[in-house]
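What follows is a single structure, written as structure tokens, with notes after it.
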Amino acid sequence: MEKRIRHIGIIGSTGSIGTQTLDIVRSNDDLKVEILSCAGNNLDMFEAQVREFLPKKVCVWQETAAKDFADRVKDLSVKVVSGMDGLIEVSTYENMEILVTAVVGMIGIRPTIEAIKAGKDIALANKETLVTAGHIIMPFAKEYGVRILPVDSEHSAVFQSLNGENPKTIEKLYITASGGPFRGMTLEEMKNKKPSDALKHPNWAMGKKITIDSATMVNKGLEVMEAKWLFDVDVDRIEVVVQPQSIIHSMVGFTDGSIIAQLGLPDMKLPIQYALYYPDRVQMVSRRLDFPSLARITFEAPDLDNFKGLALAYKAIEKGGSMPTVFNAANEWAVAKFLDERIGFTEIADRIEEAMDMHKVIANPNVQDILDTEKWVGEYLDRTV
């Protein structure tokens, strides 16, 4: 029987999730790339991607870089666009079925909304979309009959564990965390850690931003926020559990006392591929979990005192409204400054807390409110450096 071709698009194709998605495309001849986008910082890689996968449209965010890129690929029949208008144009391309949102930051909100309105399923890897605008995104997805398919390993694990189950029987979601490279350390021990130290994740190979978020445990706070919207579960029924081996990717507890977990080796290609082919599973060439050689699987409670970024996330969820946007935007700002070695590692959470303390919550923010709040956070924190 002839395979059905699945037409996909990727915004953020030169990042970690984007490049791994293209690896999956290389292994499956029934996936066709229709659109790609990049920020413009790595045009050599992007050109190689475009020449290999021959998308119909591409977006380069930076306008000057887009002009350069259009000249580079003038021998190809590809349309090159730029900026937010360009990103929305590629994200709503008519011949695409599913959009992988792999961009980093709140830049992903508007393209995701417009893709939903255009009837595109969303393979969601952009955390900020639900963290800051979950109250907008999820009702839109329901209204337009669009599926939001999680790409994060933790949310994919919950999604897989819920397959065939009645959502009304969920008692608790257990979001697992590796604990990052500084697990078990005190604030004093982490005080002088450098970016090179924080980027040495014990289990996962990820982009710089998310690797730092793992080291601070902020990523777990963001994932709790996402899970609240993805699975319509109150935050007091979402528990973070440290699972240092990164074998159990998350679990669901049910009202009868049963707990279903999704296990596997730490490999982002599995949740990416699951989202692209859902509800089907297809063969993937990868290492398999070998139970006899697995020495142990252990669990710990998260340390909210020394890793207060997670505690601040719960506080942001409790405040609601625009506060999760402040949490997210302040973290983005602080991580960038830490990577530039302008602030210390433990200052990341301090700066998040400072911005949250100074913010007056907007109860039900629209997209413009969200973007204005992000701008306010950056301007406020810039004055404090």
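The values are calculated or read from the model by the stated rules, or taken from the named source; none is laboratory data. Because the structure is a prediction, the values reported are computed rather than measured. Note that each Cβ is placed from the backbone with ideal geometry, even for glycine, and that neighbours are counted across all protein chains shown. Surface accessibility is based on the protein's heavy atoms, side chains included, excluding ligands, DNA and RNA. Shrake-Rupley method; radii C 1.70, N 1.55, O 1.52, S 1.80 Å.
How many residues are part of a helix (DSSP H, G or I) and either within 17 Å of Thr92 (Cα to Cα) or out of contact with any strand residue (DSSP E or B) (no Cβ under 6 Å at 6 or more places or on another chain) (or both) if we restrict to region 123-171? Let's see the steps before the verdict.
Pass one, region 123-171, residues part of a helix (DSSP H, G or I): 127-143, 153-161, 167-169.
Right, trim to either within 17 Å of Thr92 (Cα to Cα) or out of contact with any strand residue (DSSP E or B) (no Cβ under 6 Å at 6 or more places or on another chain) (or both) and you get 127-143, 155, 167-168.
Of the residues in that region, 20 qualify.
Anything in region 349-385 that is closer than 13 Å to Ala133 by Cβ, of a type in the set (A, V, I, L, M) and in contact with a Ser or Thr (Cβ under 7 Å, 6 or more places away or on another chain)? List them, or say none.
Answer for region 349-385, where residues must be closer than 13 Å to Ala133 by Cβ, of a type in the set (A, V, I, L, M) and in contact with a Ser or Thr (Cβ under 7 Å, 6 or more places away or on another chain): Ile362, Ile370.
For region 352-363, how many residues meet the condition of being within 23 Å of the chain's Cα centre (by Cα) and open to solvent by 30 Å² or more (accessible area, probe 1.4 Å)?
1
Answer with yes or no whether Ala65 is open to solvent by less than 40 Å² (accessible area, probe 1.4 Å) and over 21 Å from Ile17 (Cα atoms).
yes
Identify all residues within region 197-252 that are part of a helix (DSSP H, G or I), among the hydrophobic types (A, V, I, L, M, F, W, C) and within 17 Å of the chain's Cα centre (by Cα); write none if there are none.
Ile210, Ile212, Ala215, Val218, Leu222, Val224, Met225, Ala227, Trp229, Leu230, Phe231
Given (1) farther than 30 Å from Val33 by Cβ; (2) in contact with a strand residue (DSSP E or B) (Cβ under 9 Å, 6 or more places away or on another chain); (3) assigned to a helix (DSSP H, G or I), where does Leu312 come up short, assuming only one miss?
(2)
Being farther than 20 Å from Asp372 by Cα, crowded, with 24+ Cβ neighbours inside 10 Å and in contact with a Pro (Cβ under 9 Å, 6 or more places away or on another chain) is the filter here, so list the residues in region 88-111 that pass it.
Answer for region 88-111, where residues must be farther than 20 Å from Asp372 by Cα, crowded, with 24+ Cβ neighbours inside 10 Å and in contact with a Pro (Cβ under 9 Å, 6 or more places away or on another chain): Val90, Ser91, Leu99, Thr101.
Within region 1-30, how many residues are in contact with an Asp or Glu (Cβ under 9 Å, 6 or more places away or on another chain), under 16 Å from Lys56 (Cα atoms) and not hydrophobic (A, V, I, L, M, F, W, C)?
The qualifying residues number 3.
Can you tell me which residue is farthest from Glu34 (Cα to Cα) among those in region 276-289 that are open to solvent by less than 80 Å² (accessible area, probe 1.4 Å) and part of a loop (DSSP other than H, G, I, E, B)?
Applying the filter and picking the extreme gives Leu289.
Only one of Ile259, Ile238, Ile248 is closer than 18 Å to Glu165 by Cβ, open to solvent by 50 Å² or more (accessible area, probe 1.4 Å) and among the aliphatic types (A, V, I, L, M); which?
Ile259
Of all residues being of a type in the set (Gly, Ala, Ser) and either modelled with pLDDT under 95 or surrounded by fewer than 17 Cβ atoms within 10 Å (Cβ to Cβ) (or both) in region 294-310, which is farthest from Lys191 (Cα to Cα)? Just the residue, please.
So, considering only residues that are of a type in the set (Gly, Ala, Ser) and either modelled with pLDDT under 95 or surrounded by fewer than 17 Cβ atoms within 10 Å (Cβ to Cβ) (or both), the one farthest from Lys191 (Cα to Cα) is Ala295.
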